[in-house]
Amino acid sequence: MTRTRGLLTAAAVPLIMMAGCARSGEAGSAPAAEPIAESAPANPVVLVRIAQQGGFVPANFAYGRLPEITVYSDGRVISNGPVPLSYPGPALPNLLVSRITPARAQQWADDAVKAGVKSGADLGTPGVTDIPDTVLTATSQGKTETVRVNALRQARPDDPYLTAEQRAARKKLAAYADELTGFADSVSSPAPDVYRPLGVVALVEAYVAGDVEQPEKAWPGPALPGEELNAGTGLHCVAVTGAEKDTILAAAGAANQLTPWTSGGKQWKVTFRPLLPDETGGCAALKGAR
């Protein structure tokens with residue numbers, strides 16, 4: 001049998017990012033709430049996280065992408081908000097934080113385990129390629145379970161590479177994931193706030209001019225390109241916190257994904273990755289990204 005090649009190519013990434021972040025309501029609209037500063041607890045507990053890993057994507061996207069949704073034990077729910085349907089897109093992701101009760105947050109984690117989030121579970125490998133894995137993590141009764149599912153939503157219902165049991169398990173997990181992300185997409189009361197991180201990482205690479213000429217901006221932070229993130233990625237990393245982080249976020253708010261940033265007499269491409277409450281250690285928090 002011939003495996004079908006997936007359509008997730010580097011050229012499609014900007015469109016996929018914009019589509020994946022869209023919510024119900026006016027296209028490209030953003031919440032009216034003012035940004036708020038998030039004070040992370042000493043040891044924030046991730047109760048549920050749904051993220052994408054792998055796939056045929058460029059390095060800056062693989063290391064810079066954010067989870068679809070993260071639920072914390074204190075009731076914070078951090079998810080991707082809507083972004084303008086334009087190209088190039090804004091430099092900064094639109095992260096939103098909603099708040100539910102800790103009891104409801106824990107129930108979601110318990111439900112995740114019931115839905116099949118269990119370490120070591122075999123969900124099979126469908127007959128598609130270049131599609132990211134959906135990674136679901138849940139902490140229930142003091143134990144953390146993680147399951148990795150390739151092409152969770154893209155596999156055909158009758159995929160011959162999957163057993164009937166695997167197809168059924170995938171359907172159950174997909175229904176749970178859709179329910180959870182559906183909450184983030186539809187929550188309106190109270191309205192979510194704009195998530196303001198305690199730290200942000202700049203993923204830096206050499207700038208290559210494209211077909212759409214962009215005005216350059218002077219980099220307002222530590223000298224670029226910074227330390228190499230991982231050998232062979234072509235990416236360097238600079239992490240900032242405090243007032244310097246606020247300066248960089250303000251500058252990035254007036255930039256887009258293709259803005260050339262100047263530092264040390266050179267132009268650089270920068271991908272901005274806000275750090276979540278459980279992500280500590282600056283650049284080290286992203287070294288294991290896939």
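Each value in this text was obtained by applying a stated rule to the coordinates, not by laboratory testing. Please read these numbers as outputs of a predicted model, since none were measured by experiment. Methodologically, a virtual Cβ is constructed for each residue, glycine included, from the backbone with ideal geometry; neighbour enumeration extends over all protein chains shown.
Skipping prolines and chain starts, which residues have an amide H placed within reach, meaning under 5 Å, of the one on Ala91, given they are 5 or more residues away or on another chain? Amide H to amide H, under 5 Å and 5 or more residues apart or across chains, Ala91 pairs with Ala255, Asn256, Gln257.
For region 147-234, the alpha-carbon radius of gyration amounts to 1.78 times the rule-of-thumb value 2.2 N^0.38 Å expected for a compact globular protein. Diffusion coefficient (Stokes-Einstein, Kirkwood radius over C-alpha pairs, 37 °C, 0.692 mPa s) for region 198-286: 247 µm²/s, rounded to a whole number. Rounded to the nearest 20, the size of the Cβ-charge dipole of region 80-135 about its Cα centre is 300 debye, with Lys and Arg at +1 and Asp and Glu at -1. The alpha-carbon of Lys269 sits under 16 angstrom from the alpha-carbons of these lysines, leaving out residues fewer than 8 places away in its chain: Lys217.
Going through the cross-link list Lys118/Lys172; Lys114/Lys287; Lys143/Lys287; Lys143/Lys171, which pairs have a Cα-Cα distance over 21 Å in this structure?
On the way: Lys118/Lys172 13 Å; Lys114/Lys287 31 Å; Lys143/Lys287 24 Å; Lys143/Lys171 24 Å.
Long pairs (Cα-Cα over 21 Å): Lys114/Lys287; Lys143/Lys287; Lys143/Lys171.
Applying the Karplus relation 6.51 cos²θ - 1.76 cosθ + 1.60 with θ = phi - 60° to region 80-87 yields 3J(HN,Hα) values of 7, x, x, 10, x, 7, 9, 10 Hz, where x marks Gly and Pro. Of the residues Ala231, Gly253, Pro274, the one whose Cα sits farthest towards the positive end of the charge dipole of region 198-286 is Gly253 (charges of +1 on Lys and Arg Cβ, -1 on Asp and Glu Cβ, taken about the Cα centre). Of all DSSP beta bridges confined to region 198-286, the antiparallel ones make up roughly 90%. Farthest towards the positive end of the charge dipole of region 91-188, among the residues Ala121, Ile100, Gln154, is the Cα of Ile100, using unit charges on the Cβ of Lys, Arg, Asp and Glu.
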